[in-house]
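Since every read-out is calculated from the coordinates, none of them should be taken as a lab result. The model shown is predicted, which means the values in this text are computed figures rather than measured ones.
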């Protein structure tokens, strides 16, 4: 499954990317995040791996992020893996004038087992959640300026 979500953020690209690239503030705009732990490589650089734990309802989900491209302020890409799910995210940041940035998030999901069934039954849920993450970031980031 592949899809794109985009959002316009009322911040200059350099400032928006500075906020996006700071793992210490992720809990501010990802309230389900429990922890972010570097586990290999140089944090924030290509090849780095991190363990992310999220609370989804009453259960916890753990995934491993691997950074695959870092070309800031233009792009930041990675893969996210958890039981039965592989997700590649290609984030690109486009200047839309001196004080606005368009954040495009191109996602590809590959699933197996129960998660494949979930994707077939609720294909829009993955896109909705990706858009919600962008909306929360926008609301939080615009208050930081």
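Data overview
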{"read-out": "Structure-based [θ]222 nm, the chain - -39500 (n - 2.57) summed over DSSP H runs of at least 4, per residue, nearest 500", "value": "-8500 deg cm²/dmol"}
{"read-out": "Rg over Rh [alpha-carbon atoms, Kirkwood Rh] for the stretch 1-67", "value": "1.00"}
{"read-out": "Cα-Cα pairs of the chain separated by more than 20 Å (percent)", "value": "49"}
